[in-house]
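What follows is one structure encoded as structure tokens, with my remarks underneath.
The values are calculated or read from the model by the stated rules, or taken from the named source; none is laboratory data. Just so we're clear, the structure is a prediction, and the values are computed from it rather than from any experiment. No Cβ is skipped: glycine too gets one built from the backbone with ideal geometry, and neighbour counts run over all protein chains shown.
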Amino acid sequence: MKKLFFLFLILSFIFSCKKPEKYSAIPDISFISIPVKDTHDTLGNAIKRAQLSFYLVDGDGDIGFEEGDTFPPYEINGNYYYNLFIEMYELKNGQYSLVDLAAPFNFRTKYIEPIGQNKTLKCTIYVNLDFNIPVSWDSVKFNFHMYDRALNKSNEVSTGLILLN
């Protein structure tokens, strides 16, 4: 009976110790959803608010910035101050055209550090996008990508067509 118990214990130990799955150090993102609603900005103006949500996997977990991360290559006026870039496209005559926004949808995500030995980061990110659109617009889409702290660029993802009216 003791031999059977020890055999079971040893087999349980062997099969419970599996290696963690390896992921690429290059961030991989996938679109989840982007509900759009009518709301008002802080001045009471009517606007659209879209809440973009997407899933992120980064094998070495080096995503986001701390408050003091403003030295090269993350300096304020540099190319990598922001790590999430979102472009808006209007559907016009069956073709998408990039919208030149007065305030681009560039974001700086918070520093995230995975806990434990496995540094793989898996998370869902939510971003609010507030915008005004001309009344004549009825459809848009957003394309987005991000960078990690090692400046690895993720894949570019599209939300697909979003009907506004």
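At-a-glance table
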{"item": "Members of the stretch 18-77 found to be loosely packed, with under 10 Cβ neighbours inside 10 Å, in a loop (DSSP other than H, G, I, E, B) and without any contact (Cβ under 8 Å) to a residue 24 or more places away in the chain, listed by number", "result": "K18, K19, T42, L43, G44, E67, G68, F71, P72, I76, N77"}
{"item": "Count - residues of the stretch 104-126 that are surrounded by 11 or more Cβ atoms within 10 Å (Cβ to Cβ) and without any contact (Cβ under 8 Å) to a residue 24 or more places away in the chain", "result": "1"}
{"item": "Residue that is modelled with the lowest pLDDT [pool: residues in the stretch 140-163 that are surrounded by fewer than 15 Cβ atoms within 10 Å (Cβ to Cβ) and either hydrophobic (A, V, I, L, M, F, W, C) or more than 21 Å from I29 (Cβ to Cβ) (or both)]", "result": "L163"}
{"item": "Subset of the stretch 85-103 [free of Cβ contacts under 8 Å to residues at least 12 places away in the same chain and either among the β-branched types (V, I, T) or closer than 21 Å to K153 by Cα (or both)]", "result": "L98"}
{"item": "Criterion: under 30 Å from D138 (Cβ atoms) and among the hydrophobic types (A, V, I, L, M, F, W, C) - qualifying residue of I86, I76", "result": "I86"}
